[in-house]
1. Suppose we filter the stretch 5-45 for residues that are of a type in the set (Gly, Ala, Ser) and in contact with a Ser or Thr (Cβ under 8 Å, 6 or more places away or on another chain); how many remain?
2. Hey, could you check the stretch 83-96 for residues that are in a helix (DSSP H, G or I) and without any contact (Cβ under 8 Å) to a residue 40 or more places away in the chain and say which is farthest from the chain's Cα centre (by Cα)?
3. Buried (at least 22 other Cβ atoms within 10 Å of the Cβ), outside the structural domain of residue 286 (by TED's automatic domain parsing) and either acidic (Asp, Glu) or within 20 Å of residue 3 (Cβ to Cβ) (or both): does that describe residue 74?
4. Exactly one of these conditions fails for residue 7: (1) surrounded by 12 or more Cβ atoms within 10 Å (Cβ to Cβ); (2) touching a strand residue (DSSP E or B) at 6+ places or on another chain (Cβ under 6 Å). Give me its number.
5. Kindly provide the set of residues from the stretch 33-70 that are in a strand (DSSP E or B) and under 14 Å from residue 173 (Cβ atoms), ordered by number.
6. Where the second residue is surrounded by fewer than 16 Cβ atoms within 10 Å (Cβ to Cβ) and among the charged types (D, E, K, R) and the first is touching a residue at least 24 places away in the same chain (Cβ under 8 Å) and lies in the stretch 253-268, which pairs have Cβ atoms under 7 Å and are six or more apart or on separate chains?
7. Check residue 99 against each of (1) in a helix (DSSP H, G or I); (2) under 15 Å from the mean Cα position of the chain (by Cα) and name the one condition it does not meet.
8. Name the residues in the stretch 135-164 that are outside any loop (DSSP other than H, G, I, E, B), farther than 17 Å from residue 241 by Cα and either touching a Gly at 6+ places or on another chain (Cβ under 7 Å) or in contact (Cβ under 8 Å) with a residue 40 or more places away in the chain (or both), would you?
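The values are calculated or read from the model by the stated rules, or taken from the named source; none is laboratory data. Worth saying up front: this structure is predicted, and the values here are computed from it rather than measured. Cβ atoms come from the backbone with ideal geometry, glycine included; neighbour counts cover every protein chain shown.
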Amino acid sequence: MEIRQLKEEEFDVSVSLSEYAFQYKLSDEDRLKAKQRFKPDRIWGIFDQEALGAKLTILPLQIYIQGQPVSMGGIAGVATWPENRRQGLVSKLLTHTLQTMNEAGHAISLLHPFLIPFYRRFGWEVFCEYKKYTIPVSNFPKKVEIEGVVKRDVDTVETLDRLYQQFAANYNGTLKRDRDWWEHSILNEDWHQAVFYSISGEPKGYVIYKIENKVLRIDEFIYLNEQARQGLWTFLANHDSMVTSASLKLVPADDMLPYLLPDPRIAQENYPYFMARIVNAQALLERYKLRAQGVISRKTFYIEDHEAPWNNGLWEWNVSAEGESQLNQIKGEDNTAELTCSIGTLTVLLLGYKRPSELARFGLLNGTEAAIEWLEEAVLPAQTALFDFF
């Protein structure tokens, strides 16, 4: 068995595996486009005598953590031929991928799981969820007179991205998009964009939507203030003669829209979404800002990570009075540590999806009572979200 990056001439076999595994068929036009965008250096395969048995793609991306972009390896397109399943091929690829991402400087990795328990074995953990709303037209937010204007299908990627970045940076885990991502993963000729401008002419929010089978499908709703939110909803509500309901997907878990409706009793669904995994704990923690407590702190911390040996083991965690961290690996066993957890637990703790006290209550974070109380105070509250898919 050999693990290596694909070659240019292996486009066809790569597409054939994807088509079989994900049950789709590219048209001739889409196949040509896919070949033009084919980046074999991003695709890792496991081969047996030059026969591709399994593959995955590593996307070099960035996500926001504490308002700052952090290098992230996005895992996508994990696929295996049925005759090669349950032979450990994907397991070997994932372990190799962690080493590759660490060498590339990715501090964290995200993926959309086909099976959550499988990826948990390798340290990935669910880090965000989203809500889906179905709102009958009779229960749309009330139309209000707003000083400002909505412009439809006239704005540039730069305008949309500027608004998106300001909104997305409030969450941990959101993707930092570039122009290529906007043009190939977000914008589509079947969808409309509408931007709200304040009375002073400043863009303050946007919505991406389409009308399909009398349903107003809202793909993305971004706003920087309440005026923009109300202005965009008034624009959407003006479609009331054309639709019977609105459907919103990928709504952040902290969204308050139902409470603001005339009747909050709408159909709501909640879904666990992407999984995350710290690739290099030292690199991430040393750029992670803890609450400034005015005193120097030192804790011993045991990280359980059998897939990434550079993380696994006992660490001395030094925190300055300003909340800056420094980690030094030391000799010792887990039973000597003041804090102990798996790499998956550490990931969701630092991203803010779960609090230290919650994780300790259910035995996912272990330690002395004093150390857990310190960590609960030190880790700043945060919300997680992701508005993209890969």
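1. 2
2. Looking at the filtered set, the residue picked out is 83.
3. yes
4. Single failed check for residue 7: (2).
5. 61, 62, 63, 64, 65, 68, 69, 70 - these are the residues of the stretch 33-70 that are in a strand (DSSP E or B) and under 14 Å from residue 173 (Cβ atoms).
6. Every condition considered, the pairs that remain are 262/142.
7. (2)
8. Scanning the stretch 135-164 gives 148, 149, 150, 151, 152, 159, 160, 162, 163, 164.
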